[in-house]
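The values are calculated or read from the model by the stated rules, or taken from the named source; none is laboratory data. Keep in mind that what you see is a predicted model, and the values were worked out from it rather than measured. Quick reminder, even Gly has a Cβ in these numbers, built from the backbone with ideal geometry, and neighbours come from all protein chains shown.
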Amino acid sequence: MSEIKEPRLGYQTNPVQVKLFPTEIESQIEATTKKVRVPREVFRSLSSTTDIITWITEGKYDRKILKLFDDVSQLYELLLCRMEFLTLGDDLSLLRRRAAYFEEVEHEKTDHFFLSAIQGKGQIGHSNQYLTHWFYPYKGKFHGQMVKALINFMGVGKDSLVLDPFVGSGTTLVECATLGVSSIGIEINPALCMVSQIKADSLSIVYPEFRRELAKIKPSSIFEYFRKKPVEGKKWRLGFKEMNKDAKLLLAESWQQQFPDGFVKTLPETWRNLLFLCYLHALSDYTYLKSTSKAMALEEFFIRDLNEYLDTVSGTYRVLQDRHIQVQAPKVLFGTALELQLPPESVDGIVTSPPYSIALDYIRNDQHLLDYLGIDTSELREQMVGLKGRNEEKIQLYRVDLRKSLQEMARVLKPASYAAILLGDVVVGSHRTNFAKEIVTWAKDLGFIEAELIRRPILGGYARLRYEYIVLLRK
Ligand SMILES: C[S@@+](CC[C@H](N)C(=O)[O-])C[C@H]1O[C@@H](n2cnc3c(N)ncnc32)[C@H](O)[C@@H]1O
């Protein structure tokens with residue numbers, strides 16, 4: 001969240017109080033430094049006195065039957081465990097296959113244990129960056145594990161449809177795909193439509209066949225192929241007219257119009273798209289790290305990233321085979337969340353994170369990507385939530401767009417279904433916005449019958465957000 005600065009919070013002392021009550025202050029200091037005898041029970045671990053599983057399962061099971069991942073440590077995570085158990089808990093084998101926060105069910109490892117073992121760059125525990133989530137370093141991804149628990153809570157199954165109208169780099173789609181749930185993602189940035197589509201499609205690559213074919217060409221030749229792609233030339237104008245195009249079609253058009261002939265172009269779509277994404281990943285690494293101690297040549301980034309991509313594809317293939325997980329392919333549309341091209345009452349659940357007010361310039365962040373693809377961004381800026389207008393007016397326009405997008409979500413959601421919206425409280429000027437709380441006040445007018453807020457503290461010294469909120473809306 002680069003542009004916005006946290007106000008400096010100074011520590012305020014009260015000199016008047018210190019002057020008036022010196023003896024009280026001294027006795028306080030004495031009290032805090034005197035030696036006390038601490039009974040041994042104080043050091044007993046929480047888990048030996050309180051069984052969290054009993055709380056999560058409302059007394060149905062204890063920790064002999066279910067085990068959480070060791071890194072489940074925050075209160076909001078425990079609540080998500082309880083929420084997913086509420087929906088899946090009647091069938092322990094289903095819980096083992098789908099749960100996000102449980103490591104073991106009746107002494108057997110869950111699928112999430114194996115899926116999150118396919119580790120990616122920047123992974124924290126079992127929460128993010130596993131499988132293909134780490135492909136392309138997009139700023140503003142949310143955590144797959146949290147998304148998975150929310151999808152589980154919504155009780156969506158094989159015949160359901162989950163929507164993410166601000167799909168970004170496709171986290172919701174990757175989670176739905178491995179849960180076997182159909183999903184649709186909408187995104188205004190065509191480059192990200194492609195990224196999302198490729199990340200989801202790469203889950204289905206048959207690694208041994210891919211590897212065999214790839215052995216016929218040197219990594220440096222693949223790099224040269226993408227490097228030579230004519231960057232100059234006519235701009236690719238993706239404006240209103242092109243809206244609602246499928247990302248698969250965008251990718252096919254891009255290959256047809258912008259890539260020269262060559263071995264890479266003859267490969268099956270999912271394979272050549274993965275190589276293409278790897279080049280875009282390297283381009284991003286190169287752009288962001290070129291003036292740091294981690295700087296390398298673009299080709300070096302590409303070769304390193306390619307090896308790591310192949311490790312992920314091979315691990316994913318193996319785990320999906322071993323666990324008999326059938327991937328459900330998602331649909332990605334280049335379109336706007338402000339006018340969803342979906343019929344009323346057609347989706348069973350929504351999990352999404354809209355831009356957090358005006359916190360990030362999503363075009364500037366991925367300018368290198370848009371430039372490489374030759375995409376003209378002049379119309380894009382006019383369409384993006386959070387980038388319209390200037391100064392004070394910007395926040396007002398954001399509010400109008402956020403409300404409009406929620407109205408659209410309410411329209412397409414089936415009755416009794418849930419929408420989960422993730423939003424952070426960001427500082428704009430000298431004011432901390434909290435649009436999550438505003439949404440709760442709008443909920444009834446928008447057509448929702450229940451609204452809950454789940455608060456997630458943001459840890460870490462550099463966080464410009466204090467909290468993120470999951471707004472849970474029921475229609
Ligand atoms: C916080 S990011 C979503 C990140 C995503 N959850 C992920 O894990 O990658 C918000 C996204 O909303 C997109 N966006 C902005 N305006 C939009 C609009 N009018 N319609 C659809 N998407 C839009 C931005 O391009 C950005 O990718």
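Details
- No other residue among ASN434, ASN391 is away from the ligand (no atom under 16 Å from the Cβ) and on the phi > 0 side of the Ramachandran plot apart from ASN391.
- When the range 142-167 is limited to residues that are within 11 Å of the ligand (Cβ to nearest atom) and aromatic (Phe, Trp, Tyr), the one that is farthest from TYR469 (Cα to Cα) turns out to be PHE166.
So that you can scan it fast, the table gives a plain yes or no per residue for (1) surrounded by fewer than 18 Cβ atoms within 10 Å (Cβ to Cβ); (2) within 17 Å of SER204 (Cβ to Cβ); (3) of a type outside the set (A, V, I, L, M):
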residue	(1), (2), (3)
ALA295	yes, no, no
ARG304	yes, no, yes
GLN321	yes, yes, yes
LYS331	yes, yes, yes
GLY335	no, no, yes
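- Subset of the range 142-155 (residues that are surrounded by fewer than 24 Cβ atoms within 10 Å (Cβ to Cβ) and either part of a helix (DSSP H, G or I) or among the β-branched types (Val, Ile, Thr) (or both)): PHE153
- Candidates LEU397, LEU342, LEU402: the one that is within 28 Å of SER254 (Cβ to Cβ) and either of a type in the set (Val, Ile, Thr) or more than 9 Å from the ligand (Cβ to nearest atom) (or both) is LEU342.
- Residue that is charged (D, E, K, R), away from the ligand (no atom under 16 Å from the Cβ), touching a residue at least 24 places away in the same chain (Cβ under 8 Å) and farther than 28 Å from SER378 by Cα, where the choices are LYS248, LYS228, LYS216: LYS216
- Flag for LEU333 being in a strand (DSSP E or B), within 10 Å of the ligand (Cβ to nearest atom) and not β-branched (Val, Ile, Thr): yes
- Residues located in the range 453-475, provided they are modelled with pLDDT under 95 and among the hydroxyl-bearing types (Ser, Thr, Tyr): TYR462, TYR467
- When the helices (runs of 4 or more DSSP H) confined to the range 21-103 are screened for residues that are of a type in the set (A, V, I, L, M) and at pLDDT 95 or above, those reaching at least 1 such residues are found at 52-56, 75-88, 92-98.
- For the range 410-425, the count of residues that are within 10 Å of the ligand (Cβ to nearest atom) and surrounded by fewer than 19 Cβ atoms within 10 Å (Cβ to Cβ) is zero.
- Residues that are closer than 16 Å to GLY168 by Cα, hydroxyl-bearing (Ser, Thr, Tyr) and surrounded by fewer than 17 Cβ atoms within 10 Å (Cβ to Cβ), drawn from the range 352-384: none
- Test: residue in the range 198-207 that is over 12 Å from the mean Cα position of the chain (by Cα), within 20 Å of VAL347 (Cα to Cα), surrounded by 21 or more Cβ atoms within 10 Å (Cβ to Cβ) and within 15 Å of the ligand (Cβ to nearest atom): yes
- Qualifying residue in the range 397-416 (condition: part of a loop (DSSP other than H, G, I, E, B) and free of Cβ contacts under 8 Å to residues at least 24 places away in the same chain): no
- Which numbered condition GLU393 fails, given (1) under 26 Å from TYR362 (Cα atoms); (2) surrounded by 15 or more Cβ atoms within 10 Å (Cβ to Cβ); (3) not aromatic (Phe, Trp, Tyr): (2)
- Residue match in the range 440-452 (condition: in contact with a Gly (Cβ under 9 Å, 6 or more places away or on another chain), loosely packed, with under 15 Cβ neighbours inside 10 Å and either at pLDDT below 90 or of a type in the set (Lys, Arg) (or both)): no
Yes/no matrix, rows are residues, columns are (1) of a type outside the set (S, T, N, Q); (2) crowded, with 23+ Cβ neighbours inside 10 Å; (3) within 16 Å of the ligand (Cβ to nearest atom):
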{"position": "TYR101", "(1), (2), (3)": "yes, yes, no"}
{"position": "GLU104", "(1), (2), (3)": "yes, no, no"}
{"position": "GLU108", "(1), (2), (3)": "yes, no, no"}
{"position": "PHE114", "(1), (2), (3)": "yes, no, no"}
{"position": "GLY120", "(1), (2), (3)": "yes, no, yes"}
{"position": "HIS126", "(1), (2), (3)": "yes, yes, no"}
{"position": "THR132", "(1), (2), (3)": "no, yes, yes"}
{"position": "TYR136", "(1), (2), (3)": "yes, yes, yes"}
{"position": "GLY140", "(1), (2), (3)": "yes, no, yes"}
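Yes/no per residue for (1) within 18 Å of LEU373 (Cα to Cα); (2) modelled with pLDDT of 95 or more:
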| site | (1), (2) |
| --- | --- |
| GLU242 | yes, no |
| HIS281 | yes, yes |
| SER293 | no, no |
| MET296 | no, yes |
| ILE303 | no, yes |
